[in-house]
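J.: Got a structure for you, written out below as structure tokens; questions coming shortly.
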Amino acid sequence: MPISSATGQEILETIRMVEMENLDIRTVTMGISLRDCGHTDPKVSQQKIYDKITKYAENLVSEASKIELEYGIPIVNKRISVTPMSMVAESSDIDTYVDFAKVLDKAAKEVGVNFIGGFSALVQKGFTKGDMNLIRSIPQALAETERVCASVNVASSKSGINMDAVYEMGKIIKKTAEYSKDQDSLGCAKLVVFCNVPEDNPFMAGAFHGVGEAECVINVGVSGPGVVLNAIKKHPTVDFGELSNVIKKTAFKITRIGELVGKEASSRLGVPFGIMDLSLAPTPAIGDSVSDILEAIGVERTGTHGTTAALAMLNDAVKKGGIMASSHVGGLSGAFIPVSEDAGMIEAVEVGALNIDKLEAMTCVCSVGLDMIAIPGATEAETIAAIIADESAIGMINKKTTAVRIIPVIGKSVGEVVEFGGLLGRAPIMPVNKYSSTAFVKRGGRIPAPLQAFNN
Amino acid sequence: MKDNKAIVTVLGQDQVGIISTLTNILAESDVNILDISQTILQDYFTMIMVVDVSKCKVGFGELKQSLLEAGEKIGLQVNAQKSEVFDFMHRI
């Protein structure tokens, strides 16, 4: 086929990836700075926010849909991330920011995006007045809005862990669960607690537009666990060196598609291209599972011995392949291991192969953390805070991003299953350790930043 | 390196009239065919056409829709995509 540079076989490979292996652009996310929207009068500030978002993102959905059609690559989500709201709302003379969340929700609905991220605060070292107001507004804000996502960064390798924030977030998660108990505590699925949060992540629920970012950017998140799974299945007996090469080549191809879509979206919208985030983000669809990849690598069930090593290899190979394919890789880039969104993970939990302790170990080598895990509604705030502290410690010491998106499902206990529906999937309620962490959590203050040398 | 080429792929059971059905639609819209190749892959009829859409009288979406619908009527899966997708994925 001399006229197009790709061969017939390559053309069919691309088609197969999309048609049969669920290759898709998971999200095109427009990052918008709201730093110029603060005002002492909250009503004025909210109007400025609404006007700016609806102006900048006016054509986001329509242009993304056109690209989707012309290139034949599905773009599953179109989203927006904004400057952490605590910094914008802080100038206003009020102490609850629920109305700011509502204005984000309204703007998201107006431009047709399914999520808007940035009801956020960065408190790894301490709280400002605005940070505290924002955090305390989260439960009500998430209950009274549909598309708003919240995130709070409580720790970093440079600053240590803000244990006061960790305890506060334990209580906030409980309260968010209570406020949304009619929907199986769904509010908590829109709330992430981070350590070392990236400021250019396009994936929800943790996306926001960092303070060092430009006025407006396009970030793209691409995903394809099914494509990687099928590539691995074709090589059932090769050694790890060769297997890593197979994953790298596949990740490269997937990322190229994201790069193409990102550049095209950026030029059509007249907005600079920020970063490409190559993350293996599973969905409940059959075959679109990170757990299936781990099992294809050779563990009988995700969670058994060897799982952490398999995940480490996968995560690293995905990054290596993706980095060469794009001019700017950023965000989280790696493998996500959400439980409820991955049919293979759910099964592994149900047969008893996977528990919260193993998941915690896996987060040492995956791209994020404890994600979409349902726990009993009766779990104490102090226990949730201690789970956050453990995850933060892993991120802080290993200089990586970690996160906790955990759902204490009010009224449910171990043995029951909660159905969130759609991309959020379903989750068996997982047991937590029955012993108390209360005295530990109640010490408060900050865990000092770790040494950056003597890494043994 | 933007050009106006698109790739039309056809997958399904071999039968009489596949090419004529699709090329009629292309001709009506002033789309020139640059190359055609066809093979039988694992019992599946597979055809790839490289076409020039620079003079196309209808929008790309509309063209794609008519090809898709014509394909569906005779039980074929038809795809039309801008050619950059393939070049970008498989060439550095």
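J.: Can you list residues whose amide H is under 5 Å from A:GLY224's amide H, if they're 5+ apart or on another chain and H is modeled 1.01 Å from N?
T.: Long-range HN contacts for A:GLY224: A:ALA281.
J.: Cβ under 9 Å from A:ALA205's Cβ, A:ALA205 left aside: what net charge do those residues give with Lys, Arg +1 and Asp, Glu -1?
T.: Numbers: positive: A:LYS190, A:ARG405; negative: none.
Its environment carries a net charge of +2.
J.: Quantify how strongly other chains surround peptide A:246-256 by giving the mean number of their Cβ atoms within 10 Å of each of its Cβ atoms. Numbers along the way, then the final one.
T.: Working: counts 0, 0, 0, 0, 0, 0, 3, 3, 1, 1, 7.
Taking all residues of A:246-256 together, the mean is 1.
J.: Go ahead and estimate [θ] at 222 nm for the protein assembly as shown from helices alone: -39,500 (n - 2.57) per DSSP H run with n ≥ 4, summed, over the residue count, rounded to 500.
T.: -13000 deg cm²/dmol
J.: So, one more: Just the accessible area per residue of region B:5-89, please: how many Å² with a 1.4 Å probe? Let's see the in-between values first.
T.: On the way: 4090 Å² over 85 residues.
For region B:5-89, the per-residue accessible area is 48 Å².
J.: Shifting gears a bit: Which value results when the Cα radius of gyration for region A:120-186 is divided by 2.2 N^0.38 Å? Write out the running numbers ahead of the final one.
T.: On the way: Rg = 12.4 Å, N = 67, 2.2 N^0.38 = 10.9 Å.
Compared with the compact-globule rule of thumb, region A:120-186 sits at 1.14.
J.: Once B and A are treated as a pair rather than alone, how much accessible area drops out, both sides summed, in Å² to 100, probe 1.4 Å? Write out the running numbers ahead of the final one.
T.: Numbers: alone 6220 and 18120 Å², together 21560 Å².
The summed interface area works out to 2800 Å².
J.: Another one. For region B:5-89, what number of Lys pairs, 8 or more residues apart or on separate chains, have alpha-carbon atoms under 14 Å from each other? Mind showing how you got there, number by number?
T.: Numbers: B:LYS5/B:LYS55; B:LYS5/B:LYS64; B:LYS5/B:LYS82; B:LYS64/B:LYS82.
Taking region B:5-89 as the scope, the lysine pair count is 4.
J.: Using the C-alpha atoms of the protein assembly as shown, what convex hull volume per residue, in cubic angstrom, is computed? Don't skip to the answer; put the middle values down first.
T.: Numbers: hull volume 85.4 nm³, N = 548.
Spelled out: Cα convex hull of the protein assembly as shown, divided by residues, is 156 Å³.
J.: Hey, another quick one. Check the straight Cα-Cα distances from A:LYS129 and name the lysines below 18 Å, setting aside those fewer than 8 residues away within the same chain.
T.: none
J.: Answer with one residue from A:PRO202, A:VAL227, A:PRO84: the one whose Cα lies farthest towards the positive end of the charge dipole of chain A, charges on Cβ with Lys, Arg +1 and Asp, Glu -1.
T.: Value computed over the given set: A:PRO84.
J.: Rounded, prolate or oblate: pick one for region A:340-417, where a ≥ b ≥ c are the square roots of the eigenvalues of its C-alpha gyration tensor, a/c under 1.5 means rounded, and failing that, prolate if a/b is larger than b/c, else oblate. Each step should come with its number before you reach the end.
T.: Details: a/c = 2.32, a/b = 1.30, b/c = 1.79.
Oblate is the answer for region A:340-417, as a/c is 1.5 or above yet b/c matches or exceeds a/b.
J.: Which of the lysines could be linked to A:LYS158 by a straight reach, that is with a Cα gap under 21 Å, when you skip same-chain ones fewer than 8 residues away?
T.: Straight-distance partners of A:LYS158: A:LYS125, A:LYS399, A:LYS400.
J.: I've got another one for you. Distance between Cα centroids, region A:80-140 to region A:388-406: provide it in whole Å.
T.: For region A:80-140 versus region A:388-406, the Cα centre distance is 23 Å.
J.: About the Cα centre of region A:221-370, how large is the charge dipole given +1 on each Lys and Arg Cβ and -1 on each Asp and Glu Cβ? Please answer in debye to the nearest 20.
T.: Details: 12 positive and 16 negative charges, 145 e Å.
Computed charge dipole of region A:221-370: roughly 700 debye.
J.: Sorting A:TYR71, A:TYR167 by accessible area (1.4 Å probe), largest first, what list results? If you can, show how the numbers build up before the last one.
T.: On the way: A:TYR71 5, A:TYR167 40 Å².
From most exposed to least exposed: A:TYR167, A:TYR71.
J.: Which one, A:VAL123, A:ALA335, B:GLN81, projects farthest toward the positive side of the charge dipole computed for the protein assembly as shown from Cβ point charges (K/R +1, D/E -1)?
T.: Highest projection toward the positive end goes to A:VAL123.
J.: Mind putting together the pair-distance distribution for region A:69-173? All Cα pairs, 10 Å bins, whole percent per bin, short to long.
T.: Reading the bins upward from 0: 15, 42, 28, 11, 4, 0.
J.: How high is the relative contact order of region B:5-89? Use alpha-carbon pairs under 8 Å, at least six apart in sequence, and give a whole percent.
T.: 43
J.: Taking every DSSP beta bridge that has both residues in chain A, what percent is antiparallel when rounded to the nearest 5?
T.: Values: 18 of 52 bridges.
Taking every DSSP beta bridge with both residues in chain A, the antiparallel ones total about 35 percent.
J.: Sorting A:LYS400, A:LYS434 by accessible area (1.4 Å probe), largest first, what list results? It would help to have the intermediate numbers written out before the result.
T.: Values: A:LYS400 35, A:LYS434 165 Å².
Largest to smallest exposure gives the sequence A:LYS434, A:LYS400.
J.: Quick one: Karplus J couplings for region A:149-158, per residue in order, coefficients 6.51, -1.76, 1.60, θ = phi - 60°, nearest Hz, x for Gly and Pro?
T.: With coefficients 6.51, -1.76 and 1.60, one gets 10, 10, 8, 9, 8, 10, 7, 7, 5, 7 Hz.
J.: Now a separate question. At each listed q (0.14, 0.17, 0.26 Å⁻¹), what is the log10 of I(q)/I(0) that the Debye formula gives for region A:244-311 modelled as equal alpha-carbon point scatterers?
T.: Values, matching the q order: -0.59, -0.75, -1.15.
J.: Something else now. Quick check for me: using +1 on Lys/Arg Cβ and -1 on Asp/Glu Cβ, what's the dipole size of the protein assembly as shown about its Cα centre, in debye to the nearest 20? Mind dumping the intermediate values first?
T.: On the way: 52 positive and 65 negative charges, 239 e Å.
In total the dipole reaches around 1140 debye.
J.: Taking the convex hull of the alpha carbon atoms in region A:158-267, what volume per residue do you get, in Å³? Mind dumping the intermediate values first?
T.: Details: hull volume 22.2 nm³, N = 110.
Per-residue hull volume (Cα only) is 202 Å³.
J.: OK, next. Distance between Cα centroids, region A:225-302 to region B:26-47: provide it in whole Å.
T.: Using only Cα atoms to place each centre, the spacing works out to 29 Å.
J.: If you don't mind, another one. Leaving out same-chain residues fewer than 8 places away, which lysines sit with a Cα under 20 Å from that of A:LYS412?
T.: A:LYS171, A:LYS174, A:LYS175, A:LYS181, A:LYS190, A:LYS434
J.: On to the next question. With charges set only on the Cβ (+1 for Lys and Arg, -1 for Asp and Glu), what does the dipole of chain B come to about its Cα centre, in debye to the nearest 20?
T.: Details: 8 positive and 12 negative charges, 46 e Å.
In total the dipole reaches around 220 debye.
J.: Please state, rounded to one decimal and in Å, the Kirkwood hydrodynamic radius that chain B gives when every pair of distinct Cα atoms enters the mean of 1/r.
T.: Details: mean 1/r = 0.0740 Å⁻¹.
Hydrodynamic radius (Kirkwood, Cα pairs) of chain B is 13.5 Å.
J.: First select every other residue whose beta carbon is under 12 angstrom from the beta carbon of A:SER156; then total the charges, Lys and Arg +1, Asp and Glu -1.
T.: On the way: positive: A:LYS125, A:LYS158, A:LYS399, A:LYS400, A:ARG446; negative: A:GLU199.
After counting each charged neighbour, the total is +4.
The values are calculated or read from the model by the stated rules, or taken from the named source; none is laboratory data. Every value quoted in this text rests on a predicted model; they were computed, and no experiment measured them. As a convention, Cβ positions derive from the backbone with ideal geometry for all residues, glycine included, and neighbour counts pool all protein chains shown. For the accessible areas, the whole protein counts, side chains as well, though only heavy atoms, and no ligand, DNA or RNA atoms are used. Shrake-Rupley method; radii C 1.70, N 1.55, O 1.52, S 1.80 Å.
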